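Have a look at the structure below, then the notes.
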Amino acid sequence: MKRIVFTLLFSIHSLFVLSQNLNGGNVIYKVEKTDEESASVASLIDNLDIALKQLEYNLRFNKKKSLYSIIKSVSAENNKLIKPAKIIAGQGNFYHEYGKEFLLQRHFLGELYLIKYDYGHIEWNISNVREKRGDFECIKAIGKRKNTDNENNKGIVAWFSNDISYQIGPKDYYGLPGLIVEVQENGIRWFATSVKLENEVIISKPLKGIEITKSELNKIAEKKAREQFRLGKNKN
């Protein structure tokens with residue numbers, strides 16, 4: 001398996017200070033496909049590998065909140081495969097207020113939504129396996145999404161570090177006792193490439209959008225898919 005190389009923007013001394021008095025910072029994540037995707041996902045992402053590698057995300061965090069969003073790139077936006085790559089890797093603003101709520105603000109079917117997740121939507125099992133990831137000593141955890149019966153979902157594999165003790169990570173992955181440095185699910189891997197500490201990070205909760213739960217939005221998507229399927233059959 002390809003080994004991830006990190007460029008971490010802090011020293012051993014910074015790690016000590018971090019563990020003692022952490023105010024906040026920024027984590028940059030990149031995305032890539034793996035060789036372990038399920039059959040149902042493989043056909044979707046086989047042609048998206050280059051586009052996925054052009055995506056870059058920023059996780060901003062402080063003592064109470066975090067916000068994860070994509071970093072816009074002109075060169076990436078010119079790639080016609082960027083849009084489907086974003087759908088797979090994550091799009092919108094993922095807002096997390098620790099221990100209270102998790103929201104996703106994103107556009108869907110021409111509308112802007114504020115999607116509320118069931119808090120703690122991933123069940124984690126922390127192992128005794130430890131492995132170095134860049135300058136981080138990480139612990140392996142296996143996760144499973146609650147209320148998911150998809151047989152093709154092989155589960156979630158995450159590596160987290162206690163050096164940053166907040167329960168944060170990329171996209172909608174959180175709930176472990178430390179920063180998720182790397183996580184893999186359904187043939188996609190999100191991995192940190194840099195961490196920068198800051199004295200003060202201000203994070204505002206997204207407020208614009210139609211408030212809806214994730215399960216309600218899933219029902220809308222399913223209904224829309226059925227309508228499109230019927231329209232396609234009628235045309236034939």
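Mean sequence separation of contacting Cα pairs (under 8 Å, at least six apart), scaled by the length of segment 87-222, corresponds to a relative contact order of 22 percent. Only aspartates and glutamates eight or more places from LYS80 in sequence, or on another chain, were considered; those with a Cα closer than 14 Å are ASP49. When peptides 214-223, 112-121 are ranked by their average number of other Cβ atoms within 10 Å per residue, the highest-first order is 112-121, 214-223. For segment 168-208, run through the trypsin sites (Lys or Arg not before Pro) and keep only the ones in DSSP coil with at most 15 other Cβ atoms within 10 Å of their Cβ. The qualifying sites are LYS208.
When a/c is below 1.5 the answer is rounded, else prolate if a/b is larger than b/c, else oblate, so apply that to segment 104-227 with a ≥ b ≥ c taken from the square roots of the Cα gyration tensor eigenvalues. Oblate shape, in that a/c is at least 1.5 and b/c is the bigger or equal ratio. Amide hydrogen proximity for ILE164: with H placed 1.01 Å from N in the peptide plane, the residues at 5 or more positions away or on another chain lying under 5 Å are LEU179.
With a cut-off of 12 Å between beta carbons, the residues surrounding LEU112 carry a summed charge of 0, where Lys and Arg count +1 and Asp and Glu -1. Per-residue packing, averaged as other Cβ atoms within 10 Å, sorts the ranges 62-73, 133-144 into the order 133-144, 62-73, beginning with the highest.
Rule-based calculations on the coordinates, nothing more; no lab input. None of the values given here were measured: they were computed from a predicted structure. In this analysis, Cβ positions are derived from the backbone assuming ideal geometry, glycine residues included, and neighbour counts consider all displayed protein chains.
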